[in-house]
Amino acid sequence: SAVVVQSDMCLLSLGSDTGGSIRQPAAFSGIYGLYPTYGTVSRWGLIAFASSFDQIGPFTSSVSDMQLIMEVISGADEHDASMYAHKAYQYHSEESQKPLKIAYIKDCLQHPGLDSEIKSQTEQFINELKSKGHTVEGIDFPYLDQMVPCYQVLTTAEASSNLSRFSGLTFGYRSPNATDLESTFKKSRTEGFGPEVKRRIMLGTFVLSSDFYDAYYTKAQKVRQLIRQKTLDIFKNFDVIVTPTTSTVAFKIGEKSSDPIAMYLADLFT
């Protein structure tokens, strides 16, 4: 979706974003990508990965194109119960841009895992914002190290639930080698899902199990609320948060652990 816009094969494209699948490819391709506020764009027709994270958003080569497409695709939809009950937004405006209060997370720029070129480019961008009259200040965000584990626990749990419907009976692939009901379930899911999807389903099933539900899933939900509240507190004083587009890991690669989630994350990022 990002490449077809970047290479001028089309004016715009749509993608699905759960944890950065629009925003990161857009940044890597030098174009614009938007993860809309949850409930702004209908997900009707999207195969759900993690329902409380998934959103449909556009890739464009200009901000004005982004404004125009958002006016078209936003708004209430009777097929999506998670939508806000509002009409489509009017994003396109001829009003002159006023100076903004912009925050950047200091720990992101100082993190040892941040690529030096990305750091340099981000600092240059911050200086350009200041030169254009915007107020830019560094802020602290104490939950950076908890964000990736929290995301992995919650999204895999929701994936385990959402993908259970793909059993070979009603939705998706059905194995031609199945001979009865049990083999239909087993063979269809074994043959139809790839290795990474299977890992996510297994981890999600684990964190939702009765023995570990409170230890992982419930705790991750509480961490998510802390992250959300901290973000809302920042937006009380700032209009925009600027962060570099890069991935960091909250633990040492190769570190041995008896924690199955830590082991999964280590395998995922190695």
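With respect to the conditions (1) more than 30 Å from Gly138 (Cα to Cα); (2) modelled with pLDDT under 90, Ser96 lacks only one, and its number is (1). Here is the figure for region 23-61: residues that are in contact with a Leu (Cβ under 7 Å, 6 or more places away or on another chain) and either under 17 Å from Thr243 (Cα atoms) or not in a loop (DSSP other than H, G, I, E, B) (or both) total 5. For region 110-126, residues that are under 18 Å from Ile139 (Cα atoms), among the hydrophobic types (A, V, I, L, M, F, W, C) and assigned to a helix (DSSP H, G or I) total 2. Assess whether Tyr213 counts as being within 24 Å of Leu46 (Cβ to Cβ) and hydroxyl-bearing (Ser, Thr, Tyr). Here the answer is no, as Tyr213 does not meet what is asked. Please find, within region 7-24, the residue that is modelled with the highest pLDDT out of those that are open to solvent by less than 50 Å² (accessible area, probe 1.4 Å) and hydroxyl-bearing (Ser, Thr, Tyr). Once the filter is applied, the top-ranked residue is Ser13. Step by step: first the residues of region 214-248, then only those that are hydroxyl-bearing (Ser, Thr, Tyr) and out of contact with any helix residue (DSSP H, G or I) (no Cβ under 7 Å at 6 or more places or on another chain), then the one that is modelled with the lowest pLDDT. Which residue is that? So the residue we want is Thr248. Taking the listed residues Leu144, Leu154, the one that is among the aliphatic types (A, V, I, L, M) and in contact with a His (Cβ under 9 Å, 6 or more places away or on another chain) is Leu144, with no other qualifying.
Trp44 satisfies every condition listed in (1) under 30 Å from Phe193 (Cβ atoms); (2) open to solvent by less than 80 Å² (accessible area, probe 1.4 Å); (3) at pLDDT 90 or above except (2). The C-beta contact set for region 1-20 (first residue over 23 Å from Phe53 (Cβ atoms), second residue part of a helix (DSSP H, G or I) and at pLDDT 95 or above, distance under 7 angstrom, 6+ apart or interchain) comprises Cys10/Val4.
When region 25-39 is filtered for residues that are open to solvent by less than 60 Å² (accessible area, probe 1.4 Å), among the hydrophobic types (A, V, I, L, M, F, W, C) and either within 11 Å of Ile56 (Cα to Cα) or touching a residue at least 40 places away in the same chain (Cβ under 8 Å) (or both), the ones remaining, listed by number, are Ala27, Leu34.
The values are calculated or read from the model by the stated rules, or taken from the named source; none is laboratory data. Remember, predicted model here, so these are calculated numbers, not experimental data. Note that each Cβ is placed from the backbone with ideal geometry, even for glycine, and that neighbours are counted across all protein chains shown. The area values use the complete protein model at the heavy-atom level, side chains included, leaving out ligands, DNA and RNA. Shrake-Rupley method; radii C 1.70, N 1.55, O 1.52, S 1.80 Å.
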